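Each remark here refers to the structure printed beneath this line.
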Amino acid sequence: MEQKNIILSGKLLEKHKRQLKELQNFVYKIKSIFKDKLVSVILIGSRARLDFNIRSDIDLILVGQWSNYVLFDRIDEIKDKVDLPLLPIDFFLYKPDEILKLIDRGNPMILQGF
């Protein structure tokens, strides 16, 4: 994989630092509450590729043993137990077997996190 150098300056650097801290706190909360279910947290999208800008959101995949089959019910499972951060964040919840199928199929969204 090609290594990219990114230069962050001014507002982008400060916003990025602040958002990373909030994201880190969110991930710690998720890990502590869902410690028996959570398998992995994967950063994808422009933040993972290091080509983000000041308006970029944060895309996360949460792999775990979620009790619900329907995606929106899984998200509610998170929302019911964790205060969501005030971040432009999208998260996708998959079970381990689902993520493995997506990897096997060569899903580009999933592969960019590896």
Can you find, within the stretch 88-101, the residue that is farthest from A48 (Cα to Cα) among those that are crowded, with 16+ Cβ neighbours inside 10 Å and either of a type in the set (S, T, Y) or out of contact with any strand residue (DSSP E or B) (no Cβ under 6 Å at 6 or more places or on another chain) (or both)? K95
Could you check the stretch 1-102 for strands (runs of 3 or more DSSP E) lying wholly inside it with 2 or more residues that are touching a Phe, Trp or Tyr at 6+ places or on another chain (Cβ under 7 Å), of a type outside the set (D, E) and at pLDDT 90 or above? 58-64
Anything in the stretch 35-75 that is under 22 Å from M109 (Cα atoms), touching a strand residue (DSSP E or B) at 6+ places or on another chain (Cβ under 9 Å) and charged (D, E, K, R)? List them, or say none. R47, D57, D59, R74
Filter result for S32 (farther than 21 Å from I110 by Cα, free of Cβ contacts under 8 Å to residues at least 40 places away in the same chain, surrounded by fewer than 17 Cβ atoms within 10 Å (Cβ to Cβ) and not basic (K, R)): yes
For the stretch 90-110, what are the residues that are closer than 14 Å to V41 by Cα and in contact with a helix residue (DSSP H, G or I) (Cβ under 7 Å, 6 or more places away or on another chain)? L93, I99, I110
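The values are calculated or read from the model by the stated rules, or taken from the named source; none is laboratory data. Model, not experiment: these values are computed from the prediction. Positions of Cβ are backbone-derived with ideal geometry, glycine not excepted, and every protein chain shown enters the neighbour counts.
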